[in-house]
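Let me begin by presenting the structure, written as structure tokens, before commenting on it.
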Amino acid sequence: MIKNMTIGQYFPADSFVHKLDPRTKLIITFILIIFVFLIHSLPGYISMVAFLALTIAFSKISFRLVLKSIRSIWFVIFITFILNIFFLKGEEILFEWQFIRIYREGLIKACEMAGRLVILVIISSMLTYTTSAKEITDAIEILFGPLKKLRFPVHEMALMMSIALRFIPTLLEETDRIMKAQTARGASFDTGGLISRIKGMLPILIPLFISAFKRAEDLALAMEARCYHGGDNRTRLVEYHYKFRDLIAFALTALEIVIILIAK
Amino acid sequence: MIVEANGVRFAYVSDEGKYTFALNDVDITIEQGEFVTILGHNGSGKSTFAKLVNALNVPTNGEILIDGMDTRDEDNLLDIRKTAGMVFQNPDNQLVATIVEEDIAFGPENLGIPREEIRERIDYALSVVHMEKYRKHAPHMLSGGQKQRIAIAGVLAMKPKIIVFDESTAMLDPKGRKDVLNIMRDLNRNEGITIILITHYMEEAVYSDRVYILDDGKVIKQGDPVDVFFDYDTIEKTGLTLPFEAKLIRDMEKTGVAIRHTLDTEELLEGICQLK
């Protein structure tokens with residue numbers, strides 16, 4: 001189940017978007033997410049879709065993967081759509097049956113909200129599809145670097161994130177092993193009602209937690225043995241430099257923002 | 001002397017305030033370039049000693065000097081850890097990064113070494129452990145033995161004079177164990193690194209110059225592996241399992257056959273063939 005999730009997965013490739021500086025991608029993602037909420041007209045949406053289509057085309061990420069990312073949250077989109085269509089009141093009634101009334105305004109709003117959600121999911125999955133976890137944490141560490149002056153533990157946060165990502169596969173493997181061990185002792189995880197299923201999770205969660213704490217302790221010791229002493233005087237193996245292609249990406253984003261603002 | 005432990009005691013304090021000595025008056029001296037195995041059963045204090053060498057623990061009494069530096073002095077901490085690297089038991093719990101080369105870079109990055117030099121050190125470390133092909137791989141895709149070799153590379157990249165292996169082969173399959181042991185031998189012979197191997201498998205001591213046997217926090221025997229292993233009475237007391245060769249020789253001697261003491265299979269075979 002967990003292994004089939006596509007959000008947050010990285011698909012390595014040699015493309016324009018992959019080669020962009022992770023900071024560029026992070027900043028553009030952030031800007032786009034804000035501006036999605038400022039779009040209120042059809043031309044605005046069309047330009048945004050065109051922008052995303054261009055990004056997908058230059059990322060060598062298959063269109064099927066993009067659809068897959070939407071599919072994983074289709075239920076949320078569906079609920080938003082339903083809520084908007086039935087509960088928003090307007091002037092022009094399109095459809096009426098018993099107590100159900102659908103207004104033109106409601107329909108438009110519902111389509112708009114669903115469209116926005118789809119666009120948001122595509123934007124964020126394009127970031128994670130084309131940027132490795134390490135690149136994202138590095139970019140966060142550099143971009144938030146100035147906060148260090150305010151004693152905000154930027155380096156520690158970035159390290160925590162990357163360690164968490166490093167241990168996801170390890171803990172997944174462990175969960176699988178514990179489940180098998182408990183099944184061998186007669187535990188069952190997929191029968192009975194909701195309550196008994198939740199109770200059935202306990203024999204997995206407790207050993208998993210204990211082992212996670214043990215791992216954390218070991219890792220802390222191993223890091224200390226390798227001279228870890230915080231972020232001071234640390235060098236970084238990978239250095240990031242803005243290139244010409246980053247300029248192009250920023251220019252295109254600026255153009256998109258201008259279109260959105262004009263079309264408003 | 002690269003490692004010098006004089007009258008070292010190390011105490012754990014229980015919740016009720018009771019002291020338990022994991023190490024009790026231990027003297028161990030190791031010279032630069034030696035391969036030393038420290039043998040002992042669970043609870044003998046061998047892992048406690050390993051952590052003292054890396055200054056992860058500080059002795060309760062006595063002193064331990066690493067390349068002349070006292071581990072009790074906080075100012076020496078980074079220099080000691082740079083000098084004495086450590087490879088732990090569980091390969092999964094000592095890798096920090098999601099890509100092999102980034103994990104190897106972790107130590108040098110902490111030491112503030114310039115980028116170009118880190119790259120050179122990664123090349124060097126990967127070639128010593130024969131893992132050049134896996135530079136860009138994710139560690140969780142590798143086997144236990146391969147992960148342990150990456151952990152060794154991560155230590156090597158800090159250019160240590162000593163590497164302590166704290167039961168580093170205990171969780172590996174036979175193939176992985178053999179690979180890691182061979183790398184230890186190569187590190188000792190070709191790179192001149194002092195190796196301290198902590199283990200409870202006596203057969204892993206085959207490459208070592210000297211063996212210490214710890215029992216209940218005390219050194220009860222030390223010397224050349226052959227001399228130590230054939231002191232049957234002492235070995236029996238510690239509950240360690242003799243390697244096959246030593247066991248065979250012991251059983252033959254019991255039946256009255258005199259044969260030369262050796263831990264080498266070939267030499268043993270030769271000895272048996274020469275029997276009348």
Among (1) more than 7 Å from chain B (Cβ to nearest Cβ); (2) surrounded by fewer than 14 Cβ atoms within 10 Å (Cβ to Cβ), where does residue A:204 come up short?
(2)
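Given the stretch B:36-155, what helices (runs of 4 or more DSSP H) lie entirely inside it while holding 2 or more residues that are in contact with a Pro (Cβ under 7 Å, 6 or more places away or on another chain) and touching a residue at least 40 places away in the same chain (Cβ under 8 Å)?
Working: elements: B:46-53, B:77-83, B:100-110, B:115-128.
Per the criteria, B:77-83, B:100-110.
Let's see how each residue does on (1) buried (at least 22 other Cβ atoms within 10 Å of the Cβ); (2) at pLDDT 90 or above; (3) within 26 Å of residue B:176 (Cα to Cα):
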position: B:72; (1), (2), (3): no, yes, no
position: B:86; (1), (2), (3): yes, yes, yes
position: B:120; (1), (2), (3): no, yes, no
position: B:123; (1), (2), (3): no, yes, yes
Got at least one residue in the stretch A:93-110 being surrounded by fewer than 18 Cβ atoms within 10 Å (Cβ to Cβ), closer than 30 Å to residue A:139 by Cβ and without any contact (Cβ under 8 Å) to a residue 40 or more places away in the chain?
no
Kindly indicate whether residue B:127 is farther than 22 Å from residue A:219 by Cα and away from chain A (no Cβ under 12 Å).
yes
On the given criteria, is residue A:239 modelled with pLDDT under 95, acidic (Asp, Glu) and farther than 18 Å from residue A:137 by Cβ?
no
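Could you check the stretch A:230-245 and list, in sequence order, the residues that are β-branched (Val, Ile, Thr) and more than 7 Å from every other protein chain (Cβ to nearest Cβ)?
Scanning the stretch A:230-245 gives a single hit, A:238.
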Among residues of the stretch B:161-185 being within 14 Å of the chain's Cα centre (by Cα) and in a loop (DSSP other than H, G, I, E, B), the residue farthest from the other protein chains (Cβ to nearest Cβ) is B:169
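Looking at A:218, A:176 in this structure, which one is surrounded by 15 or more Cβ atoms within 10 Å (Cβ to Cβ) and among the acidic types (Asp, Glu)? Please lay out each step first, then the result.
Details: A:176 fails: surrounded by 15 or more Cβ atoms within 10 Å (Cβ to Cβ).
Exactly one residue qualifies, and that residue is A:218.
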If a residue has to be within 14 Å of chain B (Cβ to nearest Cβ), touching a helix residue (DSSP H, G or I) at 6+ places or on another chain (Cβ under 6 Å) and closer than 30 Å to residue A:75 by Cβ to count, how many in the stretch A:138-169 make the cut?
3
Among the helices (runs of 4 or more DSSP H) lying completely within the stretch A:1-92, list those that include at least 2 residues that are under 21 Å from residue A:107 (Cα atoms).
A:42-57, A:74-87
Residue by residue through the stretch A:49-79, note down the ones that are surrounded by 13 or more Cβ atoms within 10 Å (Cβ to Cβ) and of a type in the set (Val, Ile, Thr).
A:49, A:55, A:56, A:61, A:66, A:70, A:73, A:77
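The values are calculated or read from the model by the stated rules, or taken from the named source; none is laboratory data. Here the structure is a predicted model, which is why all the values come from computation and not from measurement. Using ideal geometry, Cβ is built from the backbone for each residue, glycine included, and neighbour counts are taken over all protein chains shown.
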